[in-house]
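The structure appears right after this line, and notes come after that.
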Amino acid sequence: MDTAQEISDRYVPIAKFLGAPEFDHKKLAEAKAALTNGNADAAVTAALADITNTNSQFAAAREARLNAERVGRLLFAILILIPFAAYLWYYRREKWEWRAPVIGLIAYNLVYNALYFGRGYTYSLSVFNVESNIEPFFQARTIDAMIALLIAIVVVGVLSRRADVYRAALNSINAAFLIFALLVVQIDFFYLLWNVSFAWYIPDLALGFKYYLDVLQTSAFWPLLYVPLLAILPFIALGARWVAAKVKIGK
């Protein structure tokens, strides 16, 4: 019963911080009454039930506070996506090709995830053996994203071999847009759920780990100031288109 009382006292300021009403401790009162009456077994049972109830009330109060904060972030999360939605609207209005860019999007995700999971990695901090490996690990993931992006654009170029130069270049730009947009959607979703700073709670660790990987992938489009990979993607696609046309792939 002492443990139940200690837990009850501990959660008083926590409930206030979460903006929740004071937690109910009827079972703790029952435990005290049972102990006073000399019924030790009933006291233990009631005390354990109170601990369980306290934990449940805390979980509900925590979720309510998280949901309230999520509602506060919802408008900004929507605003982030508006430019991408506008581009997709314009994309559809102009009746641009979907096939090659979407296949490029699929190719990117297949290659990137194959490079990641193929090495036995998971979305967990356990992939680090020592702290000094953290920075090299994340740098390597940016390189993986660049490799996946280049392969995806080559695929788009090959698929655009029968298109004119303008359409082939446009397909590569649209593929890059779709890849980037999907990453932003995932980053935005994590922001909506957990924010980007965690003052009083620990977010879902697997989603948090993936969030950082997604952010790193966006840097693949422009990894360094003097390495604007995004700017040369159309030329890579045109090169792949020219080679595919010369060797008559898929004729």
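Rule-based calculations on the coordinates, nothing more; no lab input. In this text, all values refer to a predicted model and were calculated from it rather than measured experimentally. Backbone-built Cβ (ideal geometry, glycine too); neighbour counts: all protein chains shown.
A few notes on this one:
- Qualifying aspartates and glutamates (Cα of each under 19 Å from Cα of Lys246; at least 8 residues distant if same chain): Asp164
- Between Leu110 and Val243, the modelled labels are 1.8 nm apart [label points 7 Å from Cα along Cα→Cβ].
- Cross-link reach list, lysines versus Lys26, counting only Cα pairs under 23 Å and skipping chain neighbours closer than eight places: Lys16
- Chymotrypsin sites (Phe, Trp or Tyr not before Pro), loop per DSSP, at most 16 other Cβ atoms within 10 Å - longest free stretch of the chain: 1-95
- Loop trypsin sites (Lys or Arg not before Pro), segment 39-79 (other Cβ atoms within 10 Å of the site Cβ: 10 or fewer; DSSP): none
- Segment 1-110: translational diffusion in µm²/s, Stokes-Einstein, Kirkwood Rh over Cα pairs, 4 °C, 1.567 mPa s: 70
- Loop-resident trypsin sites (Lys or Arg not before Pro) (DSSP state other than H, G, I, E or B) in segment 170-248 with no more than 14 further Cβ atoms inside 10 Å of their Cβ: Lys248.
- Where Rh is the Kirkwood radius over Cα pairs, Rg/Rh for segment 30-73: 1.36
- Rg of the Cα atoms in segment 2-55, relative to 2.2 N^0.38 Å, amounts to 1.16.
- The trypsin sites (Lys or Arg not before Pro) of segment 74-172 that meet both conditions, a loop assignment by DSSP and at most 14 other Cβ atoms within 10 Å of the site Cβ, are Lys95, Arg119, Arg162.
- Considering only Cα atoms, the convex hull volume of the chain works out to 190 Å³ per residue.
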